[in-house]
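Notes follow the structure.
Any read-out appearing in this document is the output of simple, stated calculations on the displayed coordinates, not a laboratory observation. Remember, it's a predicted structure, so these values are computed and weren't measured experimentally. Please note: Cβ atoms are built from the backbone with ideal geometry, for glycine as well, and neighbour counts cover all protein chains shown.
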Protein chains: 2
Amino acid sequence: MVDNILPRPTKHLADEKSDREGGCFVTKLFGKRAQNREVQEARILEAATTCFVRAGFHGASMNDICSEAGMSPGALYRYFPSKESIIETIVAAHRKASAEILDRMSAYDNIIDALVMVGMEHIHQKSATSTGDGVGDANARIFAEIRAEAIRNEAVAAQCELYEGQMREQLLSAISAAKNRGEIDPIGDLGLVAATLAAMGEGVIMRNFPAQGVPVEALEPMFRALAVAILRPVKA
Amino acid sequence: MVDNILPRPTKHLADEKSDREGGCFVTKLFGKRAQNREVQEARILEAATTCFVRAGFHGASMNDICSEAGMSPGALYRYFPSKESIIETIVAAHRKASAEILDRMSAYDNIIDALVMVGMEHIHQKSATSTGDGVGDANARIFAEIRAEAIRNEAVAAQCELYEGQMREQLLSAISAAKNRGEIDPIGDLGLVAATLAAMGEGVIMRNFPAQGVPVEALEPMFRALAVAILRPVKA
DNA sequence: CAAAAAAGAGCGAATGTTCGTTCTCGTTTA
DNA sequence: TAAACGAGAACGAACATTCGCTCTTTTTTG
């Protein structure tokens, strides 16, 4: 899955050569060829995301993706070794983008505001592997697909766990810090409190209210009420 | 060899005959054959549910379902005309079971208690088309699968909408009744409030906390806090 | 009521299609 | 000039579904 950096290896002389000429090595990493590779990979991921949003991971065929990317199967398979690897890349990008939203919590000195920001940013989030001009609810659709896929696909589950483990930790440490400085008085066990907040937030994200005509601003008080109810800020 | 070419024709006298003797009619509806049909259909649905929980709607093949049901494809296809129809039947049963939990809300004179009951009952809910001795989290798994399938499959989306429309109405009328009798002071628009409650509840159900070692009782205060935060009961 | 006919139930091999992937070969690039 | 790129036909496996057939149950007929 990771070794798609050197398609069709024929490894026997490769090491000798890269030892022999260093210029080749630099070209490999930063030259036109390498740049093109990145561009093509991005093109494939974007096309795949479009197809997956439309038909799901299993409903979209490799031919669909090829057509969407304007590429033949032979070409596409030079960049990704399998459909599975495309799915895993997209899942990882999606969950990573979610995790990065949590990084911004530290900019807030108020845990409630921080949580509201996390929720609202997720609502606004665009699919990490598409350039925005597709269906508006692409992110919510992909998210539902990922949750279902994680149940049956171990590799996808591992990708989710990788980033969601980080998210759990960040959430937990933010909450316990707020508790320690006397800002809140959460109901129940902190781990459960964090998990419940995350699960309830996910429920709203998946329901994709903006696509149903609900204005995004209307969701802010909902997130705030949720955070207040579970964390119980103490009066100043 | 050649003369058995016409084995299954001749429907022409059927109507006359069923008019002639009512006994046939009764036999058709309640006789051994009809009973057997129901038993077989249930057997297929249970086997299909097991396979779908294990591998998803698209990951499970008809052969898998046949093996699980101890039945040949030829036999199975006598009871369901397609895989699609099995999926739709299971989806409808699942969503119907959810909707029926809401029916019990009317037994409560307190809207908060009623909502907590709805949440907890969903946590305890077993898949409607299986006889319980399978994986404990079958219901949550199927639910995630349904949500993803509803995005791409119009028929499944319609089944969901049918029952979820009922659920929305029940929730909305319960909330507005409580508001009218001065029991609560909900934040924001009632429709949005109901939708948010449902979405957040779904998030918890899908996360399937009991399967992750969280005791079910621990979830009750979470549901209660959620309901209190969104509906804001007024002090007596 | 017995015999005959029809319909139902079941099996498992066969069918036609779709799909992910690979192969072959011509073209471009460094 | 050798490696990378790319196109598109081809391949083999898997899949949902159907077919031909046998055996059993129900219904009709003489």
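Summary of values
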{"quantity": "Convex hull volume of region B:37-89 per residue (C-alpha atoms, cubic angstrom)", "calculated": "63"}
{"quantity": "Links that overshoot a 32 Å alpha carbon limit, given the list B:K126/B:K235; A:K96/A:K235; A:K126/B:K126; A:K179/B:K126; A:K96/A:K179", "calculated": "B:K126/B:K235; A:K96/A:K235; A:K126/B:K126; A:K179/B:K126"}
{"quantity": "DSSP-assigned coil residues among GluC sites (Glu not before Pro) in region A:48-145, each with at most 13 further Cβ atoms within 10 Å", "calculated": "none"}
{"quantity": "Label geometry 7 Å along the beta-carbon vector: B:V234 inter-copy distances in nm", "calculated": "3.2"}
{"quantity": "Kirkwood hydrodynamic radius (C-alpha pairs) into Stokes-Einstein, region B:57-128, 20 °C and 1.002 mPa s, D in µm²/s", "calculated": "146"}
{"quantity": "DSSP-assigned coil residues among trypsin sites (Lys or Arg not before Pro) in region A:135-225, each with at most 12 further Cβ atoms within 10 Å", "calculated": "A:R181"}
{"quantity": "Under 14 Å, Cβ to Cβ, from B:G188 - net charge with Lys/Arg +1 and Asp/Glu -1", "calculated": "-1"}
{"quantity": "Other-copy label distances relative to B:R78, 7 angstrom Cα-Cβ extension, nm", "calculated": "5.6"}
{"quantity": "Label point at A:D109 placed 7 Å out along Cα→Cβ; residues across region A:162-194 whose backbone nitrogen lies under 17 Å", "calculated": "A:177-184"}
{"quantity": "Estimated inter-spin distance, A:A218 and A:L190, nm [label 7 Å along Cα→Cβ]", "calculated": "3.7"}
{"quantity": "More than 24 Å apart - percent of Cα-Cα pairs taken over region B:114-236", "calculated": "34"}
{"quantity": "Inter-copy label distances at A:T131 (7 Å, Cα→Cβ; nm, one decimal)", "calculated": "5.8"}
{"quantity": "Pairwise FRET efficiency - A:H124 versus B:E84, Cβ, R0 = 35 Å, nearest 0.05", "calculated": "0.45"}
{"quantity": "FRET E, pair A:A177, A:N36, Förster distance 56 Å, beta-carbon r, rounded to 0.05", "calculated": "0.75"}
